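Working notes, beginning with the structure itself.
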Amino acid sequence: MTLSYGRWDSHGQNFALVRDHGGKLDQCLSALIEDLEVRGMLDDVLVAVWGEFGRTPRINNGAGRDHWPQVSCCLLAGGGIRTGQVIGATNRLGEFATARPVHPAEVVATVYHTLGINPGTTIQDPTGRPQYLVDHGAIRELVG
């Protein structure tokens, strides 16, 4: 299941947008995770909160933040993974990774892993050539 909430593309007026959306996301996300835990379903459901890129470390002239593919973040909860950790770090300004960079394909491989699909599995493309589902393994700190 996928849920999309609001407009997060904050090229302008970033602070007002995040002030509104951030609190609502926090409330809904924590309620979802708590509800899954109370019902005994949290280990069976992987919750992933992830965008397609990060935001610039510097504020632009419109009080916004632009696209920044060099650094992003992802929150994973449940799914039987080892939670309660922060993996990776950036410099103090969030400009670039300084420790344990995580490749986006590792996140995808982790999702496959929680679904019981071996990320190293190959499938045949339309020409009959074998292709890996993803070219990285799952995040070892979460599943290893």
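The values are calculated or read from the model by the stated rules, or taken from the named source; none is laboratory data. Values in this document were obtained by computation on a predicted structure and should not be read as measured data. Quick reminder, even Gly has a Cβ in these numbers, built from the backbone with ideal geometry, and neighbours come from all protein chains shown. We work out accessible area using only protein heavy atoms, side chains counted, and drop any ligands, DNA or RNA first. Shrake-Rupley method; radii C 1.70, N 1.55, O 1.52, S 1.80 Å.
Scan the stretch 123-134 for residues that are surrounded by fewer than 16 Cβ atoms within 10 Å (Cβ to Cβ) and within 23 Å of residue 82 (Cβ to Cβ) and report the count. Before the answer, list the steps.
Start the filter on the stretch 123-134 by keeping residues that are surrounded by fewer than 16 Cβ atoms within 10 Å (Cβ to Cβ), which leaves 123-133.
With the extra rule that they be within 23 Å of residue 82 (Cβ to Cβ), the set shrinks to 133.
Number satisfying all stated conditions: 1.
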Return the residues of the stretch 91-122 that are open to solvent by 60 Å² or more (accessible area, probe 1.4 Å) and touching a strand residue (DSSP E or B) at 6+ places or on another chain (Cβ under 6 Å); say none if nothing qualifies.
98, 122
In this structure, is residue 34 open to solvent by 80 Å² or more (accessible area, probe 1.4 Å) and in a loop (DSSP other than H, G, I, E, B)?
no
Quick one: in the stretch 38-62, which of the residues that are surrounded by 14 or more Cβ atoms within 10 Å (Cβ to Cβ) and either over 21 Å from residue 22 (Cβ atoms) or among the charged types (D, E, K, R) (or both) is nearest to the chain's Cα centre (by Cα)?
46
